[in-house]
Structures are given as C-alpha cells and as structure tokens.
1. Being more than 7 Å from every other protein chain (Cβ to nearest Cβ), in contact (Cβ under 8 Å) with a residue 24 or more places away in the chain and not in a loop (DSSP other than H, G, I, E, B): is that true of A:ILE51 here?
2. Working only within the stretch B:26-41, note down all residues that are at the interface with chain A (Cβ under 7 Å from one of its Cβ atoms) and assigned to a strand (DSSP E or B).
3. Based on this model, can you work out whether A:SER45 counts as closer than 22 Å to B:HIS50 by Cα, crowded, with 21+ Cβ neighbours inside 10 Å and under 18 Å from the mean Cα position of the chain (by Cα)?
4. Here is a list of conditions, (1) crowded, with 19+ Cβ neighbours inside 10 Å; (2) among the hydrophobic types (A, V, I, L, M, F, W, C); (3) within 30 Å of B:GLY74 (Cα to Cα), and A:LEU23 meets all of them except one; can you say which number that is?
5. Which condition number does A:GLY13 fail, the rest of (1) free of Cβ contacts under 8 Å to residues at least 60 places away in the same chain; (2) in a loop (DSSP other than H, G, I, E, B); (3) more than 7 Å from every other protein chain (Cβ to nearest Cβ) being met?
6. If I filter the stretch B:62-69 for residues that are surrounded by fewer than 24 Cβ atoms within 10 Å (Cβ to Cβ), without any contact (Cβ under 8 Å) to a residue 40 or more places away in the chain, facing another protein chain (nearest Cβ under 8 Å) and within 23 Å of A:SER39 (Cβ to Cβ), do I get at least one hit?
7. On the basis of being out of contact with any Asp or Glu (no Cβ under 7 Å at 6 or more places or on another chain), among the hydroxyl-bearing types (Ser, Thr, Tyr) and under 20 Å from A:ILE67 (Cα atoms), does A:THR86 make the cut?
2 protein chains.
Amino acid sequence: MKVYDISWPTFNGMTEYKDRKVLHLKATKTFQKDYVRESLITIGSHTGTHIDAPAHFLKEGKSIEEIGPLSCVGPAQVIDMTHVETCIDAEEINKIEIKPNMLVLFKTKNSQLQVNAPFNHDFIYLNAEGAKALVEKEARAVGIDYLGIERQQPNHETHTTLLEKNIPIIEGLRLAHVNAGNYFMWCLPLSIPGIDAVPARAVLIEE
Amino acid sequence: MKVYDISWPTFNGMTEYKDRKVLHLKATKTFQKDYVRESLITIGSHTGTHIDAPAHFLKEGKSIEEIGPLSCVGPAQVIDMTHVETCIDAEEINKIEIKPNMLVLFKTKNSQLQVNAPFNHDFIYLNAEGAKALVEKEARAVGIDYLGIERQQPNHETHTTLLEKNIPIIEGLRLAHVNAGNYFMWCLPLSIPGIDAVPARAVLIEE
C-alpha cells in the first residue's frame, strides 16, 4: 500500500486565494519561555486544501456536516489535464472514461506552481460546461489542484452546477507527484458543523 | 462497513481546555449581504480533537509532519475504562490484552460530558505509570476522550513518557457511542509543518 499526501502545506507565506493573507500561525507558548509549545491558528474556511459545501454558494445549501464527513472518502480517479492551457471543458471530460460515483481529481499545470508562489490569476480552471459534464457522469466529488476551481464566470456556474447536486468541491490539492489513475481517497474535513467550507487533509492510497 | 465519527465538534461555545476561549468562528461573508458564505476560523493547536506531537513538550521533539501524517491511522483498540473514578494507572492497563503497534483509545466517563459543558478539572486522566505501561505494550499512539490526557502532574510525565518514544497523543475524542473493541482508525491532522499539535478529524471503521 502506497500513500500519497496531496494536501497543500499550511504555513505563513503559503499561497492564498487572491493573496488575501488570511492565514496566520503564531506560537503562543514557546519552549524557551514556557517549557511547552502551543500555537494559535487563524485560517480561512477556504485556505489551503479544503472542501466547499453547497452552503458556500447556495442560499439553502447544506454544510459539510450535512452532506456527511465521508463525502470525499472513496474510490478516486486522478485525471491528467496537464495539456490544458486555459480551462477544462466538456469536450476534455468527455474524452475520458469516468465511472459513476467517482471522486474526480484534476491534475493540471497548476500543480507545477510552488506552494508559496504569488497567486496565479490565470490558473487552469473547470468551466461551467465541464461541471455539467461531470454531473452527467455522476461524479461524487470534484477536486482540483488550485485554490479555486473557476474564474471569469461572474455567476460562479461551475460551483453552483456542482453544489446544486450536493457534489462537494475539493480545492487546493497538490498532484504533481501523483500519476493519473485509480486510487482510494481519504479526505477528512475538520468537524465544524454549519460552516460553508472547511480545511481538510487529503491522501490517496494506491493498492 | 460501519463508520463512527469520534471527533469533538468545533463551534462557538464548545468546551475548551480550562475554559480558555481560544476558538472563534466568524462569518466573513454572508449570503444575505454577499451572495456567498465564507468564514474565518481562529483555533488553538490544542482545540477539540487534536494530535499532540513530541514538539509539544520536548525541546528537540518532532512535529506532527516529522512523525508522519499517518501516525494515527491503523488498527485501533477502544478500551472500556468507564469504571475508573480518577485515573487510568498501570494496574488497569495490565489487566487488558493490548497487542503491539495498536492505536490505543480510552473510553472513560469523560465521554458522558456534554460537548459544551464547562471544563471539568476533575476529568479522568492517564497517570505517568499508566503511560509507562503503554510504552511497554508498544502502543503506537494513545487517545483519550477529553481535552487533556493528564492533570496534577507538574512535570507532565504522562506526556513526556509517551512523546519521548514518539508516541503521539490524541486528545478530545468522543467515544460514548462506540463499544470497546477493535477498529481501524483514520485520524488525519491538518497539514501544518513544524507545529506542536494540530486539529484532526478522527473516524473509526468497524469491519
């Protein structure tokens, strides 16, 4: 059994969505002064690797806890989209065989960016038609290797298309070191009832 | 396959260690005003369900990332200690058959406390001799159903005994709904390199 950590490391100076500087880690007790270490973590619901729940963009949308803490645990398919220059569209998705009920993860050029690089506003994204194609393929969740899954879509159709079907979106994955193929994913969100999105740890298991 | 969520839910008003009020969840964008929801999470490294790394109490101790993100994933044994009135000691532990390399989780009266009750300074704890007995039994990690694993031990011997052997400590579990017995645990910490402890999501699988 081989395990791949596909989480974005959380540290002061990490890349944040639109360089918003929400994340702040602070030592509140240090060994030098207190003979114990403790820390305070200030983190956004959308910092680093995180799961978006329907509540993020839908008025009556469910929270992560409502769709279930295991919504992103199960058979997963990593799809190589490293040739894509702008966005993953329906045509790209329809070239690939995707079984129903898969956790679908897109590996793109985004994974080549450093984890502390300035935010890249031109990141590879999934467009609205691509999201519709994934609904047709009965994806269980959709993950991407950047801190957003869409851009330049003022009505956020990629998010709403997926979230209206209670398909969670995993943003902030790191996939450069993972080959395309089939895995079992454990992506566990922190337990924060009612929230719109939540940081998570994600690993892939190759059996 | 049955899954038990054994995580302490994180919410404003949850029980915190010595009622310190570190945790604060705040909606930074609301659907009413912004047509999107986003949140800011201010959380201690020791809030709710979390894993203590050796770096918590040892000058040269390893961080969670250094002992490995899968340090609390594997075969787990839930041990019924609900009869214990004060502390779990070596005698209690030596009554139980514990195989080497187990993630050992103690279910005590602590699990009967509400998740938002004032901090109970008289919680059931693991004493130093109990920790030594677990080292002898080659426990891989030790978990308990309260926000601390020891009290009234000024030199924190329970922590140091375990952490010196790179045995992580999982605090803040919830076990009232789980029977004693054998499981497979997935307890995944957030990816925060270098930190002393880190919030985690923990589930038990019964096969």
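Here, each number is a calculation from the coordinates, and none is a lab measurement. All of these numbers come straight from a predicted model, not from anything done at the bench. All Cβ positions, glycine included, derive from the backbone under ideal geometry; neighbour counts span all protein chains shown.
1. Criteria met by A:ILE51.
2. If the condition is that a residue be at the interface with chain A (Cβ under 7 Å from one of its Cβ atoms) and assigned to a strand (DSSP E or B), then B:GLU38, B:SER39, B:LEU40, B:ILE41 are the ones that fit.
3. Taking the combined requirement at face value, the residue satisfies it.
4. Here A:LEU23 meets the rest and fails (3).
5. Evaluating A:GLY13 over (1) free of Cβ contacts under 8 Å to residues at least 60 places away in the same chain; (2) in a loop (DSSP other than H, G, I, E, B); (3) more than 7 Å from every other protein chain (Cβ to nearest Cβ) leaves (1) as the failure.
6. Taking every residue of the stretch B:62-69 in turn, none turns out to be surrounded by fewer than 24 Cβ atoms within 10 Å (Cβ to Cβ), without any contact (Cβ under 8 Å) to a residue 40 or more places away in the chain, facing another protein chain (nearest Cβ under 8 Å) and within 23 Å of A:SER39 (Cβ to Cβ).
7. When the stated conditions are applied, A:THR86 does not pass them.
Table: residues versus (1) surrounded by 22 or more Cβ atoms within 10 Å (Cβ to Cβ); (2) on the phi > 0 side of the Ramachandran plot.
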residue: A:HIS159; (1), (2): yes, no
residue: A:LEU163; (1), (2): yes, no
residue: A:ASN166; (1), (2): no, yes
residue: A:LEU175; (1), (2): yes, no
residue: A:CYS187; (1), (2): yes, no
residue: A:LEU190; (1), (2): yes, no
residue: A:ALA200; (1), (2): yes, no
residue: A:GLU206; (1), (2): no, no
